[in-house]
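Below is one structure, written out as structure tokens; the observations come after it.
The values are calculated or read from the model by the stated rules, or taken from the named source; none is laboratory data. Just so you know, these numbers come straight off a predicted model, no measurement behind them. Using ideal geometry, Cβ is built from the backbone for each residue, glycine included, and neighbour counts are taken over all protein chains shown.
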Amino acid sequence: MSGLLDPQMGWLLGVVVSLIVGAVFAFWKSAELGLGVAVVVSLLFPDWLEYEFLGMPFSIRTTVAAISIITYAVRYPWRIKSPLIPLDFAVAALVIVHTASDYYHGLGELSALRAYGEWALPYVCGRYALRRNEYPVILGWFVCGAIILMSAAVIVEMSASLIVELPTPINVWDLIFGRPIQTIPRGVKRFGLVRAFGNSIHPIFFAMQLIVLLPWPIYLWRTVSSTPQKVVLCGTILIAFLGCIATVSRSPVLAFLAMPVVALAFSFTWARIVTVAGIAVLAFFVMQNPVDFAKETAIAAGDVVNEIEIDGQMVPISSGMSRIWLYRVYWPSLRNGGMLGHGSYATRKFPLEVPRMPRDPRTLDAFKWVDNAYLLIGLRFGWLGITALLVFLMTTVWTGLSLRTDRYWSVMAITSTSMFLITSFFLLTVWLSNDFGFEMIWMAGVLAGIRTEQT
């Protein structure tokens with residue numbers, strides 16, 4: 001499906017608009033605020049729009065982040081100097097492992113540039129967006145504005161199909177920028193509802209964008225004193241929740257509801273007791289028979305349950321249950337990849353092009369999506385990649401916890417820590433797409449920027 005704009009023109013429009021808005025606030029208020037605003041505005045555009053340069057695809061977000069941080073570094077080189085914290089080294093480890101794996105697998109000298117763009121670039125932009133930033137509230141309102149606009153668009157996308165019969169859902173980004181080459185067609189349903197895609201290639205990825213950005217409206221709610229502003233922020237959180245529901249994605253909705261519970265657990269003893277007790281009860285029922293529990297849950301959700309052969313054994317399978325068997329299916333390939341995995345080229349599209357894949361066509365089709373970030377990183381970068389990702393997530397959580405007693409940033413720190421903890425578990429059910437991975441790494445940089453201001 002073609003949109004109102006040619007893909008290259010749409011890419012250029014996204015880059016130019018983001019940079020212009022960022023430049024206005026850089027000259028009006030501060031360079032740090034301009035850096036943050038430019039990145040936030042770029043989140044409104046679809047991530048599937050890319051421009052190839054030096055053999056590498058540059059999305060709107062990556063391009064805006066690269067131009068913004070380079071301009072910032074050239075204009076204010078003395079502000080780049082900053083105390084190093086453990087999270088900086090964790091991100092550096094991801095870049096090093098990525099570079100080593102891709103270089104080993106023959107992707108050339110540009111491996112380091114690709115690795116920096118994927119892991120360090122969003123992190124650095126988040127790190128300096130709040131470091132020395134005297135206007136964090138303004139940046140927060142921009143994030144809230146992005147949440148409101150994106151959520152409203154997906155609510156229309158899902159609800160319009162309930163009002164009138166449409167050949168395809170009303171997706172704002174599709175109408176303007178065209179429909180991407182995708183793996184899942186628009187109009188797929190769950191519980192009889194059309195799933196909204198928004199500006200992402202999958203409904204789950206869109207919902208995760210909202211969850212990753214959720215700490216901002218909560219932080220602002222505790223920061224501003226005006227009642228009308230607090231009402232708007234409550235509305236922002238509500239519309240974000242409705243946006244998650246519009247994707248009809250079960251895990252993100254549960255993650256959204258779990259965030260305040262985990263955040264309370266960091267602050268109150270009673271909440272910790274309730275949380276631990278709830279997890280223990282759930283674990284008890286699940287561990288009685290994980291396969292039967294997953295099967296009953298799938299049937300209750302309306303999923304079709306079939307049987308498929310894995311290693312000569314027939315096992316139940318559905319869209320959700322496929323995640324249970326992923327390790328069993330891909331273990332030979334993971335073990336074959338060793339310390340550095342199979343590289344980015346072999347894992348750039350589904351089905352993967354790695355050795356020891358399932359031979360049976362039905363099995364390969366059922367498990368072609370590797371909906372597990374840790375497993376996919378392991379196949380891509382090996383055991384070192386899995387280790388680096390775990391260290392990054394744990395260090396991010398530790399950084400957030402170290403700020404929980406800060407008088408000004410405690411709410412942002414606690415909610416961000418909760419988000420990263422929940423997302424760490426959620427990554428067991430989805431791969432780390434750039435649709436929400438960019439924002440997630442950017443938020444880690446935001447925490448790092450706050451932390452460096454305390455040193």
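Summary of values
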| read-out | value |
| --- | --- |
| Extreme residue, nearest to H202 (Cα to Cα), among residues of the stretch 252-272 that are of a type in the set (G, A, S) and buried (at least 19 other Cβ atoms within 10 Å of the Cβ) | A255 |
| Residues that are under 19 Å from I450 (Cα atoms), buried (at least 23 other Cβ atoms within 10 Å of the Cβ) and not β-branched (V, I, T), drawn from the stretch 73-106 | L87, A90 |
| Which numbered condition E109 misses (of (1) free of Cβ contacts under 8 Å to residues at least 40 places away in the same chain; (2) surrounded by 13 or more Cβ atoms within 10 Å (Cβ to Cβ)) | (2) |
| Any hit, the stretch 232-249, residues being closer than 26 Å to F438 by Cβ, touching a helix residue (DSSP H, G or I) at 6+ places or on another chain (Cβ under 6 Å) and at pLDDT below 90 | yes |
| Which listed residue is under 26 Å from V248 (Cα atoms) and at pLDDT below 70, from A298, A373 | A298 |
| Count of residues meeting criterion [more than 13 Å from I377 (Cα to Cα) and either part of a helix (DSSP H, G or I) or in contact (Cβ under 8 Å) with a residue 60 or more places away in the chain (or both)] in the stretch 336-362 | 4 |
| Flag for W119 being closer than 23 Å to F197 by Cβ and either part of a helix (DSSP H, G or I) or among the hydrophobic types (A, V, I, L, M, F, W, C) (or both) | no |
| Close pairs from the stretch 220-232: first within 16 Å of R407 (Cα to Cα), partner surrounded by 13 or more Cβ atoms within 10 Å (Cβ to Cβ), Cβ under 6 Å, at least 6 apart | L220/G140; L220/L233; W221/K230; W221/L233; R222/V411 |
| Condition broken by L84, with the remaining ones in (1) modelled with pLDDT of 90 or more; (2) closer than 30 Å to A346 by Cβ satisfied | (2) |
| Qualifying positions in the stretch 379-408 - closer than 14 Å to M443 by Cα and of a type outside the set (A, V, I, L, M, F, W, C) | T395, T396, T399, G400 |
| Residues being hydroxyl-bearing (S, T, Y) and surrounded by fewer than 20 Cβ atoms within 10 Å (Cβ to Cβ) - total across the stretch 331-367 | 3 |
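The rows are residues; the columns are (1) at pLDDT 65 or above; (2) out of contact with any Pro (no Cβ under 6 Å at 6 or more places or on another chain); (3) farther than 20 Å from F425 by Cβ.
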site: V274; (1), (2), (3): yes, yes, no
site: V281; (1), (2), (3): yes, yes, no
site: D292; (1), (2), (3): no, yes, yes
site: V315; (1), (2), (3): yes, yes, yes
site: G320; (1), (2), (3): yes, yes, no
